[in-house]
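Scroll down for the structure; my scribbles are underneath it.
Since every read-out is calculated from the coordinates, none of them should be taken as a lab result. Model, not experiment: these values are computed from the prediction. No Cβ is skipped: glycine too gets one built from the backbone with ideal geometry, and neighbour counts run over all protein chains shown.
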Amino acid sequence: MVKSVLIVDDNPCVRQALCELFMREDDFEVCGEAENGREAIEKAQQLRPDLILTDLSMPIMNGLEEARLLNRLLPSVPVIIFTAHSDPFVEKEARSAGASAVISKCENVTTSIAKARKLFDQMAA
């Protein structure tokens, strides 16, 4: 079954690269994009994605605030936070905000696909 993904990042180049990455996969489709957490909340409620991949550091509303709200509004939708500032503290904060996973932007971008598949496998089990 194809899973829909909402991509959230304030950098249009990063957003485009992530969209292209997910669209190349047979089991994912990109249902929408947002450039900050507030826009992501609106789009998530309209589009009901199966997964949200979001940046941590964004203007207006960051990824932690976004994850907290999404966890209340759409508790069954996993949120993966993508960050340049990955450390144990950030990971702990993201988890307590309701994020399902944290991926460092230093890791290979294909890590996000692998992490997303693993989350869906765990949810199905």
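Under 5 Å between amide H atoms, partner at least 5 residues away or on a different chain: which partners does F28 have, H built in plane at 1.01 Å?
Hits under the 5 Å cutoff: K3.
Straight-line reach from K115: which aspartates and glutamates fall under 12 Å, measuring Cα to Cα and dropping same-chain residues less than 8 apart?
Counting by Cα, and skipping residues close in sequence, K115 has these aspartates and glutamates nearby: E107.
Å³ per residue of the Cα convex hull, for the chain?
That works out to 94 Å³ per residue.
Can you tally the net charge around V102? Count Lys and Arg as +1, Asp and Glu as -1, for every other residue whose Cβ sits under 12 Å from the Cβ of V102.
-1
Which parts of segment 91-125 would a label at L73 reach, counting a residue when its backbone N lies under 18 Å from a point 7 Å out along Cα-to-Cβ?
97-100
What whole-number distance in Å separates the alpha-carbon centres of segment 39-65 and segment 76-104?
Here the two parts' Cα centres lie 13 Å apart.
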